[in-house]
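Here's the structure we're looking at; comments come further down.
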Amino acid sequence: SRGFPIFFESHYRFFHYLQMTRVLHRHAALMKARSIGFSEINASLSARLYTINRGSRVMITCYKDDFLKTTFSKFDSALTFLNNCTQGGMFKPRLTDKELHKKSGFQRKVNGQFEDAGFKSEVIGINGSKPSNIRGDRVDLLIFDEAGSWPNLTTAIIQGQELCEVQGVPRGIMLY
């Protein structure tokens with residue numbers, strides 16, 4: 001059953017902190033209580049970038065598949081809500097629609113060749129149990145969900161820096 005969410009002061013502080021990380025080009029580490037909705041917040045941050053920022057890239061990573069699938073399903077639920085409840089205002093056609101990879105856009109034919117077109121924002125889910133799995137193209141947001149109980153988190157974060165930084169300067173945000 002879904003109802004109106006309960007907001008805590010920690011939510012306000014988190015969003016203020018997150019905005020500071022954007023302005024100052026820093027990463028974000030968060031210590032918090034359990035079961036106060038931060039996986040849902042991570043999912044909604046991903047859905048916001050996917051829906052509003054053309055060409056954005058988000059990676060959600062967890063060290064266990066069941067955690068990853070749960071968080072990614074929350075992201076997918078947020079997209080479903082936007083698609084069904086905004087009278088088409090937030091709808092994005094999908095180039096890729098896999099369990100752990102969503103990419104908006106469509107294909108069009110140009111000079112006899114198909115090419116990707118449209119919004120082209122994407123969200124990818126990666127199992128980070130092996131930190132070497134955390135790789136790919138640069139991302140605007142890299143979420144290490146359930147980081148508090150992640151073995152080898154430091155190694156995973158170091159691996160993730162390559163996706164978010166250029167010569168040590170953050171271009172995207174790591175959130176753990």
With charges only on Cβ, +1 for K and R and -1 for D and E, what is the dipole size of the range 1-148 about its Cα centre, in debye, rounded to 20? 260
List every DSSP H helix in the chain whose Cα atoms extend 20 Å or more along the helix's own long axis and whose mean Kyte-Doolittle hydropathy is at least 0.0. 38-52
Among beta bridges assigned by DSSP with both residues in the range 1-155, the antiparallel ones amount in percent, to the nearest 5, to 55
Can you give me the long-range amide H partners of residue 105? Hydrogens built in the peptide plane at 1.01 Å from N, cutoff under 5 Å, separation of 5 or more residues or another chain. 94, 95, 119, 120
Could you do me a favour and compute the accessible area per residue for the chain, 1.4 Å probe, result in Å²? 60
Rounded to the nearest 20 debye, what is the charge dipole size of the range 113-157 about its Cα centre when +1 sits on each Lys and Arg Cβ and -1 on each Asp and Glu Cβ? 220
Would you mind pulling out the separation of the Cα centroids of the range 107-171 and the range 41-106, in Å? 14
Of the DSSP beta bridges with both residues in the range 98-176, give the percent that are antiparallel, rounding to the nearest 5. 80
Highest average packing first - 5-12, 107-114, 146-153, Cβ atoms within 10 Å: 146-153, 5-12, 107-114
Positive end of the charge dipole of the chain (Lys, Arg +1 and Asp, Glu -1 on Cβ, about the Cα centre): tell me which of 123, 28, 95 has its Cα farthest that way. 95
With the chain treated as a Gaussian network of Cα nodes joined by springs under 10 Å, which of 63, 17, 50 yields the largest mean-square fluctuation? 17
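The values are calculated or read from the model by the stated rules, or taken from the named source; none is laboratory data. This structure is a prediction, so every number in the text was calculated from the model and none was measured. Please note: Cβ atoms are built from the backbone with ideal geometry, for glycine as well, and neighbour counts cover all protein chains shown. To get the accessible areas, we keep the full protein, side chains included, count just its heavy atoms, and leave off ligands, DNA and RNA. Shrake-Rupley method; radii C 1.70, N 1.55, O 1.52, S 1.80 Å.
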